[in-house]
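The values are calculated or read from the model by the stated rules, or taken from the named source; none is laboratory data. Bear in mind that the values here come from a model prediction, so they are computed numbers and not experimental data. Cβ sites come from the backbone with ideal geometry, for glycine too, and all protein chains shown count toward neighbours. Calculation scope for accessible area: heavy atoms of the full protein, side chains included, ligands and nucleic acids excluded. Shrake-Rupley method; radii C 1.70, N 1.55, O 1.52, S 1.80 Å.
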Amino acid sequence: ILFQFPCLLPSELLYCIISFMNSRLFLVVSFLALAFLPLAAQMQETEFVTVYGSQLPELDPQKAIFSNEAQIHTAIYEGLFNYDPNTLEPMRALAQNWERSVDKKLYRFTIRDNALWSDGSPITAEDFVRSWFRMLDINAEYATFFDIIEGAKQYRMGLDKNPEHVGIKAASPNTLEITLVRPVAYFTRLLCHQSFSVIHPSMIDAGDWRNAIPYPVSGPYKPVSMTDTELILEKNEAYWDSKNVSIPKLRMMFTDDDELATSLFNTGYVHWLDGPGNYDKVLLQTAIQISPMYSTHYWFFNCRSEPWNDKRVRRALALLLPWDSIRSSEFYMLPAKTLVLPLPGYSKTKGIEKTDSTEAMKLLEESGYPKGQGLPEIIIAFADYERPRSIANTFKTEWEKALDVKVTLKPMQPSSYYESIGNRSEASSFTIAHETWIGDFADPEAFLQMWTSDAPLNIAGYNDSVFMDFMIQSYDASDEKRMSILAKAETELLQGAACLPIYHNFAASVIDIDFIQGWYQNALDIHPYKYLHFGNPSISPNVAKVSSSYISLR
């Protein structure tokens with residue numbers, strides 16, 4: 001290998017060596033860790049490497065919807081606020097300061113005097129206006145987050161395209177004024193989300209962001225290059241807070257190869273496994289970080305067509321399922337009976353928790369499908385992993401046992417599964433599917449807004465007047481009453497079986513937090529790259545043992 005790749009840099013050479021190793025040579029790879037330890041230490045002073053899954057990120061922050069994209073975008077883009085890496089409290093980013101009117105509807109933000117694009121040109125209030133109107137124009141998935149702004153909903157839905165009627169104004173070159181339709185307690189938290197980032201004017205109409213690299217950005221790092229396997233970022237020296245950005249270069253690698261990812265971490269080439277990895281083979285076990293997340297995995301009915309838009313039919317099917325075994329603690333650390341992870345002051349929601357075949361048959365009779373007769377074929381779509389397949393098989397077994405209905409399993413490639421079920425043109429291709437949602441801010445609306453009838457994120461096509469009435473009532477309610485009303489809205493969603501929660505998630509990463517400082521466990525599993533810096537690496541107690549094992553094998 002040394003002679004086949006004479007032009008490679010040391011870091012690239014190490015990657016090639018490990019790429020050619022398979023799991024049978026794991027001990028050899030571990031032995032190589034000792035030989036390359038000085039090399040790894042050199043690399044770690046100038047470059048931080050993360051491994052993500054193989055799905056390449058969407059670089060457009062207004063079109064991105066996945067958690068790995070949100071993490072990557074903390075390096076590239078910035079808006080008015082960003083997250084405190086430990087507490088997740090909103091921290092002023094491009095906003096130097098802000099003030100709010102007495103009625104809590106008008107916000108005035110002052111943009112920092114030293115806020116610059118990575119090309120050195122100033123970031124202005126007009127840049128924010130232009131960026132946010134672009135989000136409304138394309139009506140992307142997160143555009144519903146803007147509905148709390150006066151006129152934004154009507155504008156994005158095409159009901160009133162007059163920009164003067166939208167509460168997004170540049171009062172001066174560095175003053176942004178936002179008018180809300182109602183007081184929103186979590187507004188500054190929401191502004192931490194990547195969809196509220198500012199976009200350079202040259203990228204407003206860009207179609208292919210990858211081929212546009214390098215393009216001007218607002219964040220602590222700027223994109224340098226991107227291939228099908230990695231994204232390279234370099235420190236943005238024009239960034240307003242660049243003096244507090246420690247690491248000069250970021251490398252993001254994309255692969256689903258667990259063995260390769262683990263070997264790269266064990267040798268010191270990679271610093272953070274955010275996705276792939278064989279945790280049993282991680283030499284430094286203290287580097288495995290596990291923490292609860294504000295996230296839920298659930299199954300949902302496609303409510304866009306009959307009879308699945310009838311809550312009686314959905315509920316009947318749900319009541320025929322063995323929920324104790326589906327949500328068994330044998331499989332999940334935190335089984336979920338509700339969509340929203342219980343929060344302080346929010347715990348009165350009730351979902352479907354047990355089988356009731358008597359009520360199920362009664363509901364089917366009322367809806368015109370006695371014992372399931374006349375129901376169309378039920379198509380169960382799922383990413384072809386062990387647990388989704390097991391649940392899909394349970395659904396099929398129970399429904400075919402109790403009803404006169406045909407049930408078909410539709411396993412799909414995990415890499416394309418979420419894109420497929422979110423494709424509106426393929427809405428009729430499945431009856432029920434599953435999804436995992438991570439709340440973007442610590443409030444029930446982070447989960448409930450996506451089920452409102454006109455929300456772009458409402459891929460289930462859920463449209464329920466009772467649910468919508470509760471949501472609308474909550475907008476003008478006091479904090480305590482608001483939580484009670486939102487709990488009623490969620491109960492309506494769950495009792496109508498549009499959403500069937502299975503478990504709340506735990507975040508799992510592999511990173512030595514003694515070495516990589518500024519990385520903290522938190523409920524959103526967001527770790528802004530800006531705050532990361534190198535400390536002193538931990539020493540794995542397994543290194544000597546593994547190397548001696550290798551020697552004995554010789």
* **strands (runs of 3 or more DSSP E) contained entirely in the stretch 1-119, each with at least 3 residues that are open to solvent by 50 Å² or more (accessible area, probe 1.4 Å) and either under 25 Å from Trp519 (Cα atoms) or modelled with pLDDT under 90 (or both)** => none
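Residues checked against (1) basic (Lys, Arg); (2) buried (at least 18 other Cβ atoms within 10 Å of the Cβ):
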| position | (1), (2) |
| --- | --- |
| Asp137 | no, no |
| Ile148 | no, yes |
| Gly151 | no, yes |
| Lys161 | yes, no |
| Glu164 | no, no |
| Leu176 | no, yes |
| Val181 | no, no |
| Val198 | no, yes |
* Looking at (1) out of contact with any helix residue (DSSP H, G or I) (no Cβ under 7 Å at 6 or more places or on another chain); (2) over 18 Å from Pro388 (Cβ atoms); (3) among the polar types (S, T, N, Q), which is the only condition Ser325 fails? -> (2)
* To do: Could you please let me know if Arg314 is basic (Lys, Arg), outside any strand (DSSP E or B) and open to solvent by less than 50 Å² (accessible area, probe 1.4 Å)?
  => yes
* Which is modelled with pLDDT of 85 or more and within 20 Å of Ala64 (Cα to Cα), of Ser420, Ser465, Ser429? -> Ser420
* To do: Output the number of the condition that Asp469 fails; it satisfies all remaining conditions of (1) open to solvent by less than 10 Å² (accessible area, probe 1.4 Å); (2) more than 29 Å from Tyr418 (Cβ to Cβ).
  => (1)
* Asked: Can you tell me which residues in the stretch 444-463 are touching a strand residue (DSSP E or B) at 6+ places or on another chain (Cβ under 8 Å), under 20 Å from Phe187 (Cα atoms) and either of a type outside the set (A, V, I, L, M) or not in a helix (DSSP H, G or I) (or both)?
  -> Pro444, Phe447, Trp451
* Asked: Just checking, how many residues over the stretch 374-392 are exposed (fewer than 14 other Cβ atoms within 10 Å of the Cβ) and at pLDDT 95 or above?
  -> 4
* Quick one: in the stretch 317-337, of everything that is in contact with an Asp or Glu (Cβ under 9 Å, 6 or more places away or on another chain) and part of a loop (DSSP other than H, G, I, E, B), which residue is nearest to Cys499 (Cα to Cα)? => Lys337
* Asked: When the stretch 75-113 is examined, which residues are found to be over 17 Å from Trp240 (Cα atoms) and of a type in the set (A, V, I, L, M)?
  -> Leu88, Val102, Leu106
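Do you know which residues across the stretch 472-486 are basic (Lys, Arg) and surrounded by 19 or more Cβ atoms within 10 Å (Cβ to Cβ)?
Arg482
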* **Qualifying strands (runs of 3 or more DSSP E) (wholly inside the stretch 214-307; at least 2 residues being aliphatic (A, V, I, L, M) and modelled with pLDDT of 95 or more)** => 221-226, 230-235, 249-254
* **Filtered residue count, the stretch 321-351, keeping only those that are open to solvent by 90 Å² or more (accessible area, probe 1.4 Å), touching a Pro at 6+ places or on another chain (Cβ under 8 Å) and over 22 Å from Met483 (Cα atoms)** => 1
* To do: Select from the stretch 493-507 the residues that are open to solvent by less than 40 Å² (accessible area, probe 1.4 Å) and on the phi < 0 side of the Ramachandran plot and list them in ascending order.
  => Leu493, Leu494, Gly496, Ala498, Cys499, Leu500, Pro501, Ile502, His504, Asn505, Ala507
* Does the stretch 302-312 include one or more residues that are in contact with a strand residue (DSSP E or B) (Cβ under 9 Å, 6 or more places away or on another chain), under 27 Å from Asp443 (Cα atoms) and among the charged types (D, E, K, R)? -> no
* Can you work out which of the residues in the stretch 464-499 that are in a loop (DSSP other than H, G, I, E, B) and without any contact (Cβ under 8 Å) to a residue 24 or more places away in the chain is nearest to Ala152 (Cα to Cα)? => Ala477
* Structure fact -> Considering residues that are assigned to a helix (DSSP H, G or I), farther than 15 Å from Ile379 by Cβ and open to solvent by 40 Å² or more (accessible area, probe 1.4 Å), the number found within the stretch 403-443 is 6
* **Within the stretch 353-399, considering residues that are in a loop (DSSP other than H, G, I, E, B) and touching a strand residue (DSSP E or B) at 6+ places or on another chain (Cβ under 7 Å), the one farthest from Glu492 (Cα to Cα)** => Asp384
* To do: Go through the stretch 444-463 residue by residue and tally those that are farther than 16 Å from Met157 by Cα, open to solvent by less than 20 Å² (accessible area, probe 1.4 Å) and of a type in the set (S, T, N, Q).
  => 0
* Asked: Which one is surrounded by the fewest Cβ atoms within 10 Å (Cβ to Cβ) among residues in the stretch 514-554 that are closer than 17 Å to Leu264 by Cα and at pLDDT 80 or above?
  -> Ser538
* To do: Write out, first by first residue and then by second, each pair whose Cβ atoms fall under 6 Å of each other, whose residues are 6+ apart or on separate chains, and whose first residue, in the stretch 218-230, is surrounded by 18 or more Cβ atoms within 10 Å (Cβ to Cβ) while the second is aromatic (Phe, Trp, Tyr).
  => Ser218/Tyr77; Gly219/Tyr77; Pro220/Tyr239
